[in-house]
Amino acid sequence: MIPNQWYIVLNSNQVKDKPVGVTRLGKRLVFWRNKQGKVACLRDWCVHRGVALSKGKPIGDRLQCPFHGFEYDASGRITVIPANGMQAPVPRAFKAQSYPTYEAHDFIWIWWGENTPDALQPPRFFEDIDDQLSYRETHDPWNAHYSRVIENQLDPVHVPFIHHNTIGRGNRTLVDGPGMVWLDRDRFNIYTHNRLDDGSLPLKPSEFSIPSGPSQKLEFIFPNLWENYITDQLRALIAFVPVDDEHTILYLRSYQKFMTVPVLRNIIDALLIPFNVYVAHQDRVIVETQEPKASAWKMDEQLIRGDHPIIEYRRRRAELLGEI
């Protein structure tokens, strides 16, 4: 996993009035809300005797261990050891690993890093998604490393083959470009154009004409957030939530604003999800066979021109991992 990053790990609705224990980024974590509704996150492991804190309960702004009643604050520090008395001081070493959290757009992020910056900036989101768009979400588990799942969504070459009867109909196997624009060091747009093979050569990425106005595009924000800008009225979004080195959960959303009548809007929102899941499952059955499980900057694969976005993703990921 890339360190020192904000990772989307949950939907806001998954953390309510009880602690929630999940595996994310290869660690067991517990989430709960304080009296003001703010989400806190700790390692799901009591430093006293190693039980799961997610089996405990909130006590005011603190989380109480179910075994011996130790109370943890949001920083992971134990504030009360009942057996020692409510007023007894607690040694400073009695502290669990904590993770900064951020909540917006109905997502929960955690900061994954060894040393949290003093002026930690909030995570970024897509500027073109606002309250005019309604959405529906589903969670789709994959037996694959999150880097492989991300690369699948940056890959225009596979579309006419895996999706021959859905989004890839028409046998448009020739891939122009793809065009790619880095918006900053950790965010980029991809513009794709697949066409019938008429005997001509595909355009090189440097020859691809980037549209000047709104058009279909893919946008990726490191480390795990992707959007398919289909039209101004319709989007697909995926948060690639890392569970561990071999498992990922897609938090898949369909956004739309072409239907605004409340009842019909809800029907349309619900109908968009099954199609997107069907398309994702066409990918999943193939991506889960990839070896090695995680992608890397240097690996035994022979890439082609159409893999330009994947090459760029791997390069920047390797930079963030300190590999190049």
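Points worth noting:
- Cα centroid separation, segment 1-31 to segment 283-311: 27 Å.
- Note on residue 300 and residue 28: the extension gain reaches 94.7 nm, defined as 0.36 nm multiplied by sequence separation minus the Cα-Cα distance.
- Converting phi to 3J(HN,Hα) with the Karplus coefficients 6.51, -1.76 and 1.60 and the offset θ = phi - 60°, segment 132-148 yields 6, 8, 9, 8, 10, 10, 9, 10, 10, x, 10, 8, 7, 5, 4, 5, 5 Hz in sequence order, with x at every glycine or proline.
- Spatially proximal aspartates and glutamates relative to residue 298 (Cα-Cα < 19 Å; intrachain offsets below 8 disregarded): 151, 155, 245, 307, 312, 319, 323
- Extension gain for residue 281-residue 245 works out to 11.0 nm (0.36 nm per residue, less the C-alpha to C-alpha distance).
- Cα lying deepest toward the dipole's positive end in the chain, options 259, 83, 248, charges on Cβ: 83
- Shown in residue order for segment 40-48 are the 3J(HN,Hα) couplings computed by the Karplus curve 6.51 cos²θ - 1.76 cosθ + 1.60 at θ = phi - 60°: 10, 9, 10, 4, 7, 7, 6, 5, 6 Hz (x for Gly and Pro).
- The helix-based estimate of mean residue ellipticity at 222 nm for the chain, built from -39,500 (n - 2.57) per DSSP H run of four or more residues and divided by its residue count, is -5000 deg cm²/dmol to the nearest 500.
- Choice from 59, 273, 108 with maximal GNM fluctuation in the chain (Cα, 10 Å cutoff): 59
- 28 Å Cα-Cα reach of residue 35 towards lysines, excluding residues that sit fewer than 8 places from it in its own chain: 16, 18, 27, 55, 57, 95
- Among the chymotrypsin sites (Phe, Trp or Tyr not before Pro) found in segment 219-292, those both in a DSSP coil and sparsely packed, with 16 or fewer other Cβ atoms within 10 Å of their Cβ, are 258.
- Relative to one another, the C-alpha centroids of segment 109-141 and segment 158-203 are positioned 27 Å apart.
- At R0 = 22 Å, FRET efficiency that the Cβ-Cβ distance of residue 52 and residue 83 yields, to 0.05: 0.65
- Assigned charges on the beta-carbon of Lys, Arg, Asp, Glu; segment 134-320 dipole about Cα centre (debye): 460
- Positive contributions from Lys and Arg (+1) and negative ones from Asp and Glu (-1), summed over other residues with Cβ under 15 Å from the Cβ of residue 68, come out at +3.
- Candidates 234, 225, 120, ranked by Gaussian network fluctuation over the chain, Cα under 10 Å, top entry: 120
- Mean sequence separation of contacting Cα pairs (under 8 Å, at least six apart), scaled by the length of the chain, corresponds to a relative contact order of 18 percent.
- Residue of 286, 162, 150 that the Gaussian network model of the chain assigns the largest fluctuation, springs spanning Cα pairs under 10 Å: 286
- Projected onto their three principal axes, the Cα atoms of the chain cover extents of 82, 51, 36 Å, largest first.
- Amide hydrogen proximity for residue 107: with H placed 1.01 Å from N in the peptide plane, the residues at 5 or more positions away or on another chain lying under 5 Å are 12.
- Loop GluC sites (Glu not before Pro), segment 123-221 (other Cβ atoms within 10 Å of the site Cβ: 11 or fewer; DSSP): 127
- Debye, to nearest 20: dipole size of the chain, +1 on Lys, Arg Cβ, -1 on Asp, Glu Cβ: 1180
- Furthest towards positive pole of dipole, 212, 74, 318, structure part the chain, Cβ charges: 74
- Unit charges at the beta carbon, dipole of the chain: most positive-side option, 153, 193, 12: 12
- Environment charge of residue 28, counting only residues whose C-beta is closer than 9 Å and scoring Lys/Arg +1, Asp/Glu -1: +2
- Near residue 192, once Lys and Arg are set to +1 and Asp and Glu to -1 for all other residues with Cβ below 13 Å from its Cβ, the sum equals 0.
- Across segment 174-181, computed HN-Hα scalar couplings (Karplus, 6.51 cos²θ - 1.76 cosθ + 1.60, θ = phi - 60°) run 7, 10, 7, x, x, x, 9, 10 Hz from first to last residue, x flagging Gly and Pro.
Where a number appears in this text, it was derived from the coordinates with a stated rule and is not lab data. Predicted, not measured: the structure shown is a model, and the values here were computed from it. Quick reminder, even Gly has a Cβ in these numbers, built from the backbone with ideal geometry, and neighbours come from all protein chains shown.
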